[in-house]
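Notes to accompany the following structure.
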Amino acid sequence: MIARLLAAGLVAGIVAGLAVAALQHVTTTPLILAAEVYEAAQHAHDAAEQAAPAFEGLRRTAATSVATIAVSTGYALILLAGMLFSGDAIGPRRAALWGACAFAATGLATSLGLAPQLPGAAETDLAGRQLWWLATAASTGVGLFALLRGESVAARAFGAALLVAPHFFWPTPAAPESTVPAELAARFAAASLAVQAACWVLAGALAGLVWRLASRDETEAA
């Protein structure tokens, strides 16, 4: 069971990570590079500091791809573990739905108070932002599970309350000191959320597919 879980998570993570890394290369990465130009201008870096080695772009792309594969693998393992713990049948469609709910908890709900930010964007206290993000993600995740899987009206009402509770305690807004144009920041926030959604759903669907294929092979071998 554990070997199958790790194998499915790893295979799904690698495939999904490569696909999402390619998506990032044409969506969020150009926006980050554009924002860094504004950030560098604000800090008045000299020409030597602004000039990047010829291989810098390749290095950054490789590092981003490796990090994305690692994140996708983590997503796939989390989804598989959650489905096993809850006793849910594991398949591509079901796992993709779990991925969509995970994105709603960790991306969509948290973005209402803490939108994805570009370099040079105004920020508030880091500890406060981290605490609110963790509380919102956990509350939304538990709330969705109770709302969708609860059998009683009380359980579903409790789930609905958990969905809205964190948004009564939004983090302190950042002072308007960002050097990034508002249009660029808005495009990055939208693109980041789209990429994160694709990562969760694709990792889930692939993990469910690999799990089903591995289970079928074990059954036929027996």
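The values are calculated or read from the model by the stated rules, or taken from the named source; none is laboratory data. If you're wondering where the values come from, they're calculated on a predicted model, not measured in any experiment. Here the Cβ is made from the backbone with ideal geometry for all residues, glycine too, and neighbour counts use every protein chain on show. Keep in mind that these areas ignore ligands, DNA and RNA; they rest on the heavy atoms of the full protein, side chains included. Shrake-Rupley method; radii C 1.70, N 1.55, O 1.52, S 1.80 Å.
Solvent-accessible area per residue for the chain at a 1.4 Å probe radius, Å²?
Counting only protein heavy atoms, the per-residue value for the chain is 57 Å².
Could you please state how large a percent of the accessible area of the chain is carbon and sulfur, counting protein chains only and using a 1.4 Å probe?
Using a 1.4 Å probe with all protein chains present, the chain comes out at 70 percent carbon and sulfur.
Can you figure out the FRET efficiency of residue 2 with residue 22, using R₀ = 41 Å and their beta-carbon distance, to the nearest 0.05?
0.85
Quote the FRET efficiency, to the nearest 0.05, computed for residue 169 versus residue 115 with a Förster distance R0 of 25 Å and r equal to the Cβ-Cβ distance.
In this case the efficiency is close to 0.90.
Run the dipole for the chain about the Cα centre, Lys and Arg Cβ at +1, Asp and Glu Cβ at -1, nothing else charged, and hand back the magnitude in debye, nearest 20.
Computed about the Cα centre, the dipole is about 800 debye.
Once you place label points 7 Å from the Cα toward the Cβ at residue 131 and residue 67, how far apart are they in nm?
For residue 131 paired with residue 67, the spin-label model returns 2.6 nm.
Using Cα extents along the principal axes in Å as the read-out, say which of (1) 66, 45, 25; (2) 51, 42, 31; (3) 56, 37, 31 was calculated from these coordinates.
(1)
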